[in-house]
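**Q** Below you will find the structure I want to go over with you.
The values are calculated or read from the model by the stated rules, or taken from the named source; none is laboratory data. Remember, predicted model here, so these are calculated numbers, not experimental data. Cβ atoms come from the backbone with ideal geometry, glycine included; neighbour counts cover every protein chain shown. Surface accessibility is based on the protein's heavy atoms, side chains included, excluding ligands, DNA and RNA. Shrake-Rupley method; radii C 1.70, N 1.55, O 1.52, S 1.80 Å.
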Amino acid sequence: MADPYITLVSSLPYLPPFEKAERSPITRLRLEQRLHDLEPGDARQLALAEVLASWRMSLAKPKTDKEMVLRYRAGMQEITQPALREFLEFRMDQKTILSGLRQRNVVFESSFIEQVHGGSRWVNFIASHWDHPDFGLAAVYPWIPEARSFLEANDARGLDRLIMGVIWQRLSRIAESNIFGFEAVFAFFFKWDILQAWLARDAEKAKSRFQELIKEVKNDS
Amino acid sequence: MEPLILALGWIGLYAPLALGAVGSMIGCARAGSAACGALLEVESGYGRYIGVAAMPSSQTIYGIVVTMALRRDLTLENSPGIFGLGLLAGLAMLYGAIAQGNASAASINVSKSKLEVFGISLAPAALVEGFSVFAFVFALVLAAGIPK
């Protein structure tokens, strides 16, 4: 009858809105210690989901849309928790739409389909509405027009803020659906991930990240 | 038929206490789990959270009092009344304690992050307590009408 994660959820700190946060309320190490209370199955689901939906940059991040879709499809075969699946599908939809918005002026729709085929449920719909400013999806995803305007203005920070805000709201709703359940735990985890990513956006870190990427490219070639 | 009616009377006699205690166990366990989690996150005011976690224990006390009020020699005349009154009062205590445990856990969860809402966040748990008191008081009033 008792919720399995009532103690775990109560032990997690309050996360301020990511834009207003000055520091992270919990370190990765401390968060991982708290997450030891997860059931083994749930812990595995979260680890799999982190690879697919983590915001923070990592060297293991897929380099192409095709790679992203392949990883997504492989990961989703093992994700069974319904709310987590729904969230990951939402993230995939979001990534696919953004990819489409970025590439629209560069590639044909056939090339786009080829890259993201098998990922989001909206791929064919987007391709069939390739010339529509919002792919005909603005009613479903009201953030698309704003995202498009940020992309046109080359405002990467504004775009990130928008997308992070959309995900943040989605995660807040997921957490409210079961305040002491696994939903609340993974919602906290991904919100914390967003907050970390937002806080990491400073010039020095961007420079070191850029240097890491340069090194990686050199090693690949 | 007579033994069955008398058995129902015994069930009704003990139901307020037993069901109230079951509800308190569940409610206190839930709220207590939340309190333990909160203790990891806060630096002071530990007693406040443990105190809130104990709120669902009141239903057991109400159950004891109702059981004592119903206590009498069981007969064919009074057993059906004791069964009905005792069972329904017990169910009210059971559900009241579980609901209060949920409300207390939610209160602990929010007030550990925002201490200034501690008092107001207890309002839902206090409301649940009020309904338990209604069930308790009217069980006592109606118990007086059951034949001795």
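**Q** Only one of (1) within 14 Å of chain B (Cβ to nearest Cβ); (2) open to solvent by less than 80 Å² (accessible area, probe 1.4 Å); (3) of a type in the set (S, T, N, Q) fails for residue A:111. Which number is that?
**A** (1)
**Q** Quick check on the range B:49-80: of everything there that is over 12 Å from residue B:14 (Cα atoms), assigned to a helix (DSSP H, G or I) and open to solvent by 30 Å² or more (accessible area, probe 1.4 Å), which residue is farthest from the other protein chains (Cβ to nearest Cβ)?
**A** Checked the range B:49-80; the qualifying residue farthest from the other protein chains (Cβ to nearest Cβ) is B:80.
**Q** Residues that are away from every other protein chain (no Cβ under 13 Å) and either in contact with a Phe, Trp or Tyr (Cβ under 6 Å, 6 or more places away or on another chain) or free of Cβ contacts under 8 Å to residues at least 24 places away in the same chain (or both): does the range B:28-42 have at least one?
**A** no
**Q** If a residue must be away from chain A (no Cβ under 12 Å) and farther than 30 Å from residue B:147 by Cβ, how many such residues does the range B:98-135 contain?
**A** 16
**Q** Additional query: Looking only at the range A:176-207, count how many residues are surrounded by fewer than 21 Cβ atoms within 10 Å (Cβ to Cβ) and of a type in the set (A, V, I, L, M).
**A** So the answer is 6.
**Q** Another one. In this structure, is residue A:83 more than 30 Å from residue A:211 (Cβ to Cβ) and part of a helix (DSSP H, G or I)?
**A** yes
**Q** I'm trying to understand the selection: among the residues of the range B:27-47, which are open to solvent by less than 50 Å² (accessible area, probe 1.4 Å) and of a type in the set (Ser, Thr, Tyr)?
**A** Of everything in the range B:27-47, just one residue is open to solvent by less than 50 Å² (accessible area, probe 1.4 Å) and of a type in the set (Ser, Thr, Tyr), namely B:33.
**Q** Give the residue, chosen from A:91, A:102, that is assigned to a helix (DSSP H, G or I), in contact (Cβ under 8 Å) with a residue 40 or more places away in the chain, open to solvent by less than 20 Å² (accessible area, probe 1.4 Å) and not β-branched (Val, Ile, Thr).
**A** A:91
**Q** Which residue, of A:4, A:17, A:82, A:25, is touching a Gly at 6+ places or on another chain (Cβ under 9 Å), surrounded by fewer than 18 Cβ atoms within 10 Å (Cβ to Cβ) and farther than 26 Å from residue A:154 by Cβ?
**A** Going through A:4, A:17, A:82, A:25 in turn, just one is touching a Gly at 6+ places or on another chain (Cβ under 9 Å), surrounded by fewer than 18 Cβ atoms within 10 Å (Cβ to Cβ) and farther than 26 Å from residue A:154 by Cβ: A:4.
**Q** Considering the range A:155-171 alone, what residues qualify as being among the basic types (Lys, Arg) and either surrounded by 19 or more Cβ atoms within 10 Å (Cβ to Cβ) or more than 12 Å from the chain's Cα centre (by Cα) (or both)?
**A** Answer for the range A:155-171, where residues must be among the basic types (Lys, Arg) and either surrounded by 19 or more Cβ atoms within 10 Å (Cβ to Cβ) or more than 12 Å from the chain's Cα centre (by Cα) (or both): A:157, A:161.
**Q** Could you list all residues from the range A:1-47 that are more than 20 Å from residue A:171 (Cβ to Cβ), at the interface with chain B (Cβ under 9 Å from one of its Cβ atoms) and either in contact with an Asp or Glu (Cβ under 9 Å, 6 or more places away or on another chain) or in a helix (DSSP H, G or I) (or both)?
**A** Scanning the range A:1-47 gives a single hit, A:7.
**Q** For the range B:4-15, which residues satisfy the criterion of being closer than 14 Å to residue B:73 by Cα and open to solvent by 40 Å² or more (accessible area, probe 1.4 Å)?
**A** Once the filter is applied, which keeps residues that are closer than 14 Å to residue B:73 by Cα and open to solvent by 40 Å² or more (accessible area, probe 1.4 Å), the range B:4-15 yields B:5, B:6, B:7, B:8, B:10, B:11, B:14.
**Q** Right, another one. Report yes if some residue within the range B:16-26 is over 26 Å from residue A:185 (Cα atoms), open to solvent by 30 Å² or more (accessible area, probe 1.4 Å), more than 14 Å from chain A (Cβ to nearest Cβ) and not in a helix (DSSP H, G or I); otherwise report no.
**A** The answer is no, given that none of the residues of the range B:16-26 is over 26 Å from residue A:185 (Cα atoms), open to solvent by 30 Å² or more (accessible area, probe 1.4 Å), more than 14 Å from chain A (Cβ to nearest Cβ) and not in a helix (DSSP H, G or I).
**Q** Test residue A:82 against the stated conditions and say whether it is free of Cβ contacts under 8 Å to residues at least 40 places away in the same chain and touching a Lys or Arg at 6+ places or on another chain (Cβ under 9 Å).
**A** no
**Q** Right, something else. Please determine whether any residue of the range A:45-63 is over 30 Å from residue A:181 (Cα atoms) and touching a helix residue (DSSP H, G or I) at 6+ places or on another chain (Cβ under 7 Å).
**A** yes
**Q** Moving on. On the basis of being crowded, with 18+ Cβ neighbours inside 10 Å, away from every other protein chain (no Cβ under 14 Å) and within 30 Å of residue A:8 (Cα to Cα), does residue B:90 make the cut?
**A** No.
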